[in-house]
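What follows is calculated from the coordinates using simple rules that are stated; it is not laboratory data. None of these values were measured; they are calculated from a predicted model. Counting neighbours? That spans all protein chains shown, and the Cβs are built from the backbone with ideal geometry, glycine included.
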Amino acid sequence: MRLTAFCALLVACATTTAADFDSDKLSNWHQWRGPNADGSSPDANPPTKWDAKTNIRWKAELPGKGSSTPAVWGDRIFVLTAVKTDRVAKPSELPTVDPKFKLIPKPPSNFYKFLVLCYDRNTGKLLWEKVAAEKLPHEGTHETHSYAGGSPTTDGKFVYLSFGSFGTYCYDFDGNLKWSRDLGIMHTRLGWGEAVTPVVEGDSLLINYDQEEDSALYCLDSATGKTKWVAKRDEKTSWNTPLVVEHSGKKQVVTSGTTRIRSYDLASGDLIWQFAGMTVNAIPSPVKVGDSVVCMSGYKGAAVVSVPLGSKGDLGSEGKVNWRYTAGTPYVPSATLVKDTLYFTAGNGEMLTILDAKTGKPVLTQERLPQVKSFYGSPATAAGRVYFTDRSGTTVVLKAGDTLDVLAVNKLDEPIDASPVLVGKQLFLRGDRCLYCIEEK
C-alpha cells in the first residue's frame, strides 16, 4: 500500500566521471525517496505557498489510477499508472484462487493496462506513453490502494520500473523497451495489493518481492534484466524498498521486515548482518545516518532502531545497536532526514515527532500538524523546510527546527497519495487526477 520516485536530460559519454554522475543525481529526483534516499533534496528551493490558481506552472491530466511517486531527471518526468479497460475476462481467463491465501477484496473481472508515462518537465506535455502490460489481476486491492503503487527509478540512461506480478521493465528515455522480466505472481496480505519499487545501483537492479509465500530479494543485471543473485527471505508482505549504502568499501543492501532487518552484500547477496524485526506490515524505508541505518514501522505497535553498518552476523533481538525508540512511528509514510534529525508522523495521522538521528532522543514529541489528517505520502525536505502532503491534497510546510514553526498550509482540489518531489525551484505533486508542477511565478 505504500506510496513510494525519476528521469532525464542527459548526454551520456565515456568521459563522464563518478563525481559528475553523483552531482547529476543530486540535481534530480531519480528514485523513490530522492537523491539521498531519505526525502531530502540538497539543491532544491521550491515554493512555500500555492493553491489551485497560484504558483501552478502547469498541470497535466493523468489516465487511470496510481499512487506511485514520479521521478525526475533533467527535463523529463516519469509516472506509472494502471487503467481499467472495458475488456471483461472470459470464464476461461479468470485466475484460479488459491484457498490458502485469504483475500478480502474481490479480484476484478476487467483487464488493466499498466502504463509508463513521460512528461516534459517545462511544459507538462506528454512526450510518450507505453503500455508495459495488459493483464487481468489475480487479486483486488485495498480500497485506498491501486495497481500502480511502486515508483520508478533511473540511472540517467534508462528508466526501471516494476508492476510486481505484472512485470519488471527497462525503457530508454525515448520509450523504447530494452528488456522485461516476469518474476512471478505475488500473493499479498489479504490481497491488499502490491507496491514494488526498484533500486538501481551501478549495474545492479534490486527488487524486493516480500509476500505471503516465497519472499525474496532479487538482484538483476540492470543492462539485461538477467538474475545476478536471489536471497530468499523469511518474511511476509512488507511493501518496503531496499536501501543501498556503502560502508568500509563494501556496498550493503539494507531491507526492513517484520521478522528481521537485514543487510546483504550487494556483490554476492550474502547476508552481512541481521537484527530483530519491526512491527507487522513493515513499510517505511530505511534511512542512512552516518555509519548507521535507521529502520522504523508503526502498524499495531511502534518501533525505531539505529543499527551500526559495521555489524556482523545475527544480532538477535538484544544485540548491540545505537538506540531504540518506541512511540509515534509511521505506518505507511517514511521518515525524512533533516541534517541530524528525523521527521515522521504517527501511524497515518497528523502527530509529528522529531528525533535526534544520532542519539534517538526526542526533539519534539507528537505535536499536531494543522489542517491535515491522514498521510500515505512521505515528507520531503529542502532549503531548511519540510513538506507534508496529506491524502486530501493539503500540504503543510514547516521551517526546520526544534519547534512546530508552520510557514504555510496549501490546498489543492484533489486527493494525493504520492509523495512530494522537490527539484530545483519546482515541486511536483502527483494527484488522483493530475500531475502538478508548482513553481513561484
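List of remarks:
- Put the Cα centre of the stretch 301-369 next to the Cα centre of the stretch 138-160 and the gap is 26 Å.
- Between residue 57 and 437, 438, 439, the built amide H atoms are under 5 Å apart, and every one of these is 5 or more places off in sequence or on another chain.
- Note on the chain: with charges restricted to the Cβ of Lys and Arg (+1) and Asp and Glu (-1), its dipole about the Cα centre is near 520 debye.
- Mean Cβ neighbour count within 10 Å, used as a protection proxy, ranking 298-310, 172-184, 368-380 highest first: 368-380, 298-310, 172-184
- When the chain is described by a simple charge dipole with +1 on each Lys and Arg Cβ and -1 on each Asp and Glu Cβ, the residue from 316, 163, 348 located farthest towards its positive end is 348.
- The chain - Rg and Dmax from Cα coordinates, angstrom: 20.2, 61
- Highest to lowest packing among 90-102, 317-329, 419-431, scored as the average C-beta count within 10 Å: 419-431, 317-329, 90-102
- Inter-label distance for residue 216 and residue 324, nm, one decimal - labels placed 7 Å from Cα along Cα-to-Cβ: 3.3 nm
- Put the Cα centre of the stretch 379-441 next to the Cα centre of the stretch 214-258 and the gap is 30 Å.
- Only Lys, Arg (+1) and Asp, Glu (-1) charged, at Cβ; the stretch 20-98 dipole about Cα centre in debye: 460 debye
- Normalised by the number of residues in the stretch 88-169, the mean separation of alpha-carbon contacts (under 8 Å, six or more apart) gives a relative contact order of 25 percent.
- Fewest-first ranking of 142, 30, using other Cβ atoms within 10 Å as the exposure measure: 142, 30
- The protection proxy used here, the mean number of other Cβ atoms lying within 10 Å of each residue, ranks peptides 160-167, 43-50 as follows, highest first: 160-167, 43-50.
- Entry note, the chain: the mean residue ellipticity at 222 nm calculated from DSSP H runs of n ≥ 4, each adding -39500 (n - 2.57), is -500 deg cm²/dmol after division by the residues and rounding to the nearest 500.
- Prolate/oblate/rounded label for the stretch 123-230 (Cα gyration tensor, a/c 1.5): oblate
- In terms of its C-alpha gyration tensor, the stretch 282-322 comes out oblate, because a/c is 1.5 or above while a/b does not outweigh b/c.
- Gyration tensor verdict on the stretch 365-441 (Cα atoms; rounded if a/c is under 1.5, prolate if a/b is larger than b/c, oblate otherwise): oblate
- Computed E for residue 93/residue 223 - FRET, C-beta separation, R0 41 angstrom, nearest 0.05: 0.75
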